[in-house]
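What follows is a set of notes on a single structure, which appears directly below.
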Amino acid sequence: MGCFECCIKCLGGVPYASLVATILCFSGVALFCGCGHVALTGTVTILENHFSKITSDHAVLTDVIQLMQYIIYGIASFFFLYGIILLAEGFYTTSAVKELHSEFKTTICGRCISGMFVFLTYILGVAWLGVFGFSAVPVFLFYNMWSTCAAMRSPVANITSVDSICVDVRQYGIIPWNATPGKACGSTLGDICNTSEFYLSYHLYIVACAGAGATVIALIHFLMILSANWAYLKDASHMHAYQDIKTREEQELQDIQSRSKECLNSYS
């Protein structure tokens, strides 16, 4: 076998579907974790500078955001390992299917592991659907502020008093009702929208939400791959069992024929 044939054989054993799903999963998780971490830090800065001057008023929110950032670290580490494991499982299953008619045989343990990955990926997919919905909440809040500022700057808007237009973040439950000032009106609101923290956090939340959506798509892709691979392994095990039975029957038939010939030769 030449070098070209060896390369073709190696490329034939690559699980391209699992490889694409792994890249998509890594990309989505990286966008969600990286952008979400920076956006949360910017959100705390905006609240401290414009909506809650007293530290005790947003102490609980600060602790929650720090906890979420630690959770982001854990999510990034877990999915880095989980993506590699699923890719390795894809290589294993591809090899099992490619060698269906050779001496390679699947085991009950291997099929159980594939089934476990199907179940775990399904649970993670449902969980990431919730994460995707949750990540859309800050996008909605920042969009409301951005649209309000855009309405104030619009030349066609018939606004009698700009100071009467306000955004009160206390109504969203982010900070308590006794927080001061708790809201921003008129030119103060416009200044907030012009800050780099607001602009950066708003767009980072959008990217983080898109990353969560990409992760959901990747997990759905993984779920389809794992389900198909599990079915292939199950069929392969049945095929190997059939081939073993067929081989034993053929061997027994040959033994019977040889014994029959020996008996006929002895009689003659």
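Each part gets one Cα centre, and for region 203-234 versus region 23-74 those centres are 24 Å apart.
In nm, what is the difference between 0.36 nm times the number of residues separating GLN254 and ASN49 and their Cα-Cα distance?
The GLN254-ASN49 span can extend by a further 64.8 nm.
Each 10 Å bin, from zero up to the one with the longest distance, holds this percent of the alpha carbon pairs of region 137-209: 19, 48, 30, 3. Couplings 3J(HN,Hα) for region 175-191, derived from phi with the Karplus relation 6.51 cos²θ - 1.76 cosθ + 1.60 (θ = phi - 60°), are 10, x, 5, 8, 6, 10, x, x, 8, 10, 10, x, 5, 4, 5, x, 5 Hz, where x marks Gly and Pro. Between LEU129 and VAL20, the contour length at 0.36 nm per residue exceeds the Cα-Cα span by 37.2 nm. Between ILE65 and ASP191, the FRET efficiency estimated from the beta carbon spacing at R0 = 25 angstrom works out to 0.60.
Each value in this text was obtained by applying a stated rule to the coordinates, not by laboratory testing. In this text, all values refer to a predicted model and were calculated from it rather than measured experimentally. No Cβ is skipped: glycine too gets one built from the backbone with ideal geometry, and neighbour counts run over all protein chains shown.
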